[in-house]
């Protein structure tokens, strides 16, 4: 049986070793601060409608797999999820004052051009400490339809044993704002729909390439089905 950290272990388990090099686990307190900022901004600027948030486990490690069609999708989820979220975010976003800010609120910087061992270990540390890891499984902003998944999500799910909760963010790209063209109109409605948690692995504990490929197929089926259900539910 997989052992989850006891209360207080997250604070003590700051350093995880990967190939002999210590890696600092992103701050859970920082992620809680980021959630507070996200709540203020997202509910202040737009009108999020959150459906199914109760499906996110109240405690223990969990991965939120989110479709990605707009830059506000990540902040929107940070402000609407029932628990603080640590997102894997491309290193290009960590520029100027955003670098210390994003690190301070517990986000994980990742180099998408290589197998970023530091980011991988930090993300696994989030899950080892019973936290919530947010991933855009498509790897980059696109149509937001889960059509092309990278293997990273399957690796984290199988490696950690954490359940996956699919999340559909809908409405962020429907219209452009008048004041800021790159953002949805102020006070417009954005739907955030959480799906049922599921296990990506087959129960064998295998981490082979074949096992990860099979897990990726299962994940894509779950995410695609959830997105279709979310669109029917919201009328988007």
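Provide 111, 229 in ascending order of the number of other Cβ atoms located within 10 Å of each residue's Cβ, fewest first.
111, 229
Rg and Dmax of the stretch 22-234, using alpha carbons, in Å: what are they?
When restricted to the Cα atoms of the stretch 22-234, Rg and Dmax are 16.3, 53 Å.
Just grab the label-to-label distance for residue 188 and residue 29, each label 7 Å out from Cα along the Cβ direction, in nm (one decimal).
3.9
At what distance in angstrom do the alpha carbon centres of the stretch 191-228 and the stretch 87-111 lie from each other?
After rounding, the separation between the Cα centres reads 27 Å.
Please report the antiparallel percentage of DSSP beta bridges with both residues in the stretch 22-234, rounded to the nearest 5.
The answer is about 20 percent antiparallel.
The numbers here are math on the coordinates, done by the rules we state, and not lab data. It should be emphasised that the depicted structure is a prediction, and the values quoted were computed from it without experimental measurement. So basically every Cβ, Gly included, is an ideal-geometry build from the backbone, and we count neighbours across all protein chains shown.
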